[in-house]
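S.K.: Structure incoming, see below.
The values are calculated or read from the model by the stated rules, or taken from the named source; none is laboratory data. Only a predicted model underlies this, so the values are computations on that prediction, with no experimental measurement involved. Glycine also receives a Cβ, built like all others from the backbone with ideal geometry; neighbour counts cover every protein chain displayed. These area figures cover heavy atoms from the full protein model, side chains too; ligands, DNA and RNA do not enter into them. Shrake-Rupley method; radii C 1.70, N 1.55, O 1.52, S 1.80 Å.
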Amino acid sequence: MEQEKASAESEVVSIPVTPRMSTPEGLTPSGQRSPRRPAGVITNKDGKSSSNAWTPTSLISPRFLSPIGTPMKRVLVNMKGYLEEVGHLTKLNSQDAWLPITESRNGNAHYAAFHNLNAGIGFQALLLPVAFAFLEFQSWGIISLTIAYFWQLYTLWILVKLHEAVPGKRYNRYVELAQAAFGERLGVWLALFPTVYLSAGTATALILIGGETMKLFFQLVCGPLCSSNPLSTIEWYLVFTSLCVVLSQLPNLNSIAGLSLIGAVTAITYSTMVWVLSISQPRPPSISYQPLSSPSFSASVFSIMNALGIVAFAFRGHNLALEIQATMPSTFKHPAHVPMWRGAKVAYVFIAMCVFPVSIGGFWAYGNLMPSGGILNALYGFHSQDIPRGLLATTFLFVVFNCLSSFQIYSMPVFDSFEAGYTSRTNRPCSIWVRSGFRVFYGFISFFIGIALPFLSSIAGLLGGLTLPVTFAYPCFMWVLIKKPQRFSFNWYFNWTLGWLGIAFSLAFSIGGVWSMVNSGMKLKFFKPN
C-alpha cells in the first residue's frame with residue numbers, strides 16, 4: 001500500500017513528528033476531564049497504598065472509560081506510528097497523475113541509471129576530438145574535459161538534492177525549480193529557452209544524425225547493388241522520423257526504461273568501437289598534433305572558446321534530472337534522492353569511460369585532420385576501405401539505435417508540456433488519440449525543422465554556450481537561493497563563484513561559436529540538406 005500511495009503522489013506533504021502533549025492534571029489530550037476512579041484503595045508500584053492515586057487505564061472498568069479520552073488517544077498513537085512509518089501524506093493532484101512525467105512513479109535506481117546514461121552520452125561525445133584540435137593535447141584538452149566532468153557532476157548532485165528541498169513539495173520539472181529559486185516570472189524567462197532547446201533542438205539534431213547514419217549504414221550493407229536508385233537524404237530523415245514517431249507512442253517516462261537501456265548499451269558500445277577501431281589502424285601520414293593556427297591572437301581566443309563550448313555541450317542531460325527523479329516513489333524513510341543519486345553515479349562512471357577514451361584516442365588517431373563531423377566521419381573517411389565492412393556497419397547501426405532511444409527521452413518533456421496545456425484547459429486526461437496526435441505532430445515538426453535548418457548538428461560550440469547555464473550555472477544559484485547557506489561561508493562563496501563563472505563562460509562560448517561560424521565560412525543552407 002505504501003508504494004501505491006507514493007506512486008500516485010504529485011505533491012508530497014511531510015508530516016512532522018507528533019509532539020508530546022503536556023496535559024494538566026486530570027485532563028486527557030482531548031481536553032476533557034477524566035472520570036474519577038471508583039472508590040477503593042490502589043497499590044502503587046512502590047508497594048504503598050494510596051486512596052488518592054489515579055487508576056491506570058488498564059485497571060479501570062470499561063464502563064468508566066471516557067468515550068473520547070482513552071480511545072481517541074489510542075487512535076492518535078496508532079496514527080502517529082503509521083505516519084512516522086510512511087513519513088508522508090499524499091495529496092493527489094489529478095493533473096499531475098495524467099502527465100507523462102509523473103503518470104507512473106514506480107521508478108528505481110536501475111531506471112535512473114538507464115535514463116541518465118541515455119541522456120548523458122550520445123552523438124555529442126563524438127565531437128570532442130574536434131575540440132581537442134583547437135586545444136593543446138597534453139594539457140588544456142584533458143584539463144578542460146576533467147574540470148567540466150566534475151563540475152557538471154556536482155551540479156547534478158545539487159539538482160538531485162533540490163528535488164525535495166522544500167517540505168511538502170516535489171519539483172518534478174526543471175522550470176518548476178527555477179521558478180521556486182528565481183521567482184515565477186524570472187524563472188520561466190531564464191530556464192524555458194535553454195531547456196526547450198535541449199529537448200526540442202536535440203530531438204531535431206538526432207533526426208539529422210540518425211537519418212544520415214542510416215544512409216551510411218544502408219550504403220555499407222547494400223553496396224553497389226543499391227546504387228541505382230538510392231533514397232535521398234530527406235527521405236532517410238523521413239524514415240528515421242517515422243520510426244521515432246512509432247516508438248513515441250509509449251505512454252510515459254517509466255515505460256521507455258527498456259529503450260533507455262538499449263540506448264545506453266549501444267552508446268557505450270559504439271563509443272568504444274569508434275576509438276578502438278581508430279587507434280588500431282595506421283595513422284594518416286600528414287597527421288599533426290599542434291593546435292590549429294589562427295591568423296591573429298583574437299582569432300585564436302575565439303577558436304579556443306568555441307572548442308570549450310563543444311566540451312560543455314558534451315555534458316548535457318541536466319534538464320532531465322528532475323524529471324527522471326519525479327518517476328520514483330518517495331517517503332520520509334526512503335526519499336527519492338537516494339536511488340536517483342545511486343543510479344546517476346553508475347551512469348556517470350560509464351559516461352567517463354566513454355568521453356575520455358573517445359577524446360584522447362580520437363585525437364591521437366587523427367590529430368588536426370579531424371573533420372568537423374567528429375570521429376565517426378573520420379573513421380568512415382580514412383578507414384572505410386581498411387576496416388571490415390561488417391564492423392563499420394555494426395557501429396553505424398548502434399548509432400541509429402542510440403539516436404532512436406535518445407529521441408524518446410529528450411522528447412518526453414515536450415510531450416509533457418503539450419498534455420499539461422490540454423489537461424489544464426479541459427480538466428480531463430488526454431485520450432489515446434489526442435496523445436498520439438500530439439506526438440505525431442511533434443515528430444514531423446522536428447522533421448520539418450531538420451530540413452529547414454540542416455546545419456544544426458554542425459554548430460555544437462554555439463549550442464553548448466547557449467545551453468551551458470542549465471548544466472553549470474543555474475543549479476549553483478538555485479542551491480544558494482533555496483538552501484540559503486550561511487552568508488559569506490565557504491559554501492556560499494563556492495556556489496556563487498561557480499554560478500557566475502558559468503554565466504561568463506556561456507557568454508564567451510556563445511561568442512566563440514558565432515565567430516567560428518563566420519570564420520569558417522559555413523553557409524547556412526536552408527531547406528538544402530546534403
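S.K.: Considering only region 252-272, state which residues are within 19 Å of Ile209 (Cα to Cα) and touching a residue at least 24 places away in the same chain (Cβ under 8 Å).
M.R.: Taking region 252-272 and keeping what is within 19 Å of Ile209 (Cα to Cα), we get 259-260, 262-272.
Within region 252-272, Leu259, Ser260, Ile262, Gly263, Ala264, Thr266, Ala267, Ile268, Thr269, Tyr270, Ser271, Thr272 meet the criteria.
S.K.: Would you be able to tell me the number of residues in region 377-395 that are open to solvent by 50 Å² or more (accessible area, probe 1.4 Å) and in contact with a helix residue (DSSP H, G or I) (Cβ under 6 Å, 6 or more places away or on another chain)?
M.R.: 1
S.K.: Which numbered condition trips up Thr146, out of (1) open to solvent by 40 Å² or more (accessible area, probe 1.4 Å); (2) farther than 27 Å from Ala365 by Cβ; (3) in a helix (DSSP H, G or I)?
M.R.: (2)
S.K.: Of the residues that make up region 441-458, is at least one farther than 29 Å from Phe123 by Cβ and modelled with pLDDT of 90 or more? Outline the logic, then answer.
M.R.: Step one: list which residues in region 441-458 are farther than 29 Å from Phe123 by Cβ, which gives none.
Scanning region 441-458, I find no residue that is farther than 29 Å from Phe123 by Cβ and modelled with pLDDT of 90 or more, so the answer is no.
S.K.: Still on this model: Please specify each residue of region 505-530 satisfying the condition of being touching a Ser or Thr at 6+ places or on another chain (Cβ under 9 Å), of a type outside the set (A, V, I, L, M, F, W, C) and either surrounded by 13 or more Cβ atoms within 10 Å (Cβ to Cβ) or at pLDDT 65 or above (or both).
M.R.: Let us first name the residues in region 505-530 that are touching a Ser or Thr at 6+ places or on another chain (Cβ under 9 Å), namely 506, 512, 515-517, 519-520, 522, 529-530.
Next cut, of a type outside the set (A, V, I, L, M, F, W, C) only: 506, 512, 516, 519-520, 529-530.
Hits for region 505-530 are Ser506, Gly512, Ser516, Asn519, Pro529.
S.K.: Still on this model: Looking at (1) surrounded by fewer than 18 Cβ atoms within 10 Å (Cβ to Cβ); (2) without any contact (Cβ under 8 Å) to a residue 40 or more places away in the chain; (3) among the β-branched types (Val, Ile, Thr), can you tell me which one Val175 breaks?
M.R.: (1) is the only condition that Val175 fails.
S.K.: Considering Ala200, Ala191, which residue is at pLDDT 90 or above, more than 28 Å from Ser384 (Cα to Cα) and among the aliphatic types (A, V, I, L, M)?
M.R.: On the way: Ala200 fails: at pLDDT 90 or above.
Exactly one of Ala200, Ala191 is at pLDDT 90 or above, more than 28 Å from Ser384 (Cα to Cα) and among the aliphatic types (A, V, I, L, M), namely Ala191.
S.K.: Related question: Would you mind stating whether Ile158 is assigned to a helix (DSSP H, G or I) and either without any contact (Cβ under 8 Å) to a residue 40 or more places away in the chain or among the charged types (D, E, K, R) (or both)? Before the answer, list the steps.
M.R.: On the way: assigned to a helix (DSSP H, G or I): yes; either without any contact (Cβ under 8 Å) to a residue 40 or more places away in the chain or among the charged types (D, E, K, R) (or both): no.
So Ile158 fails the test.
S.K.: Cβ contacts < 6 Å: first residue crowded, with 21+ Cβ neighbours inside 10 Å, restricted to region 182-199; second residue in a loop (DSSP other than H, G, I, E, B) and among the aliphatic types (A, V, I, L, M), any location; separation 6+ or different chain. Result?
M.R.: Matching pairs, first to second residue: none at all.
S.K.: Here's something else I'd like to know. All but one of (1) open to solvent by 40 Å² or more (accessible area, probe 1.4 Å); (2) not in a loop (DSSP other than H, G, I, E, B) hold for Ser286; which doesn't?
M.R.: Answer for Ser286: the failing condition is (2).
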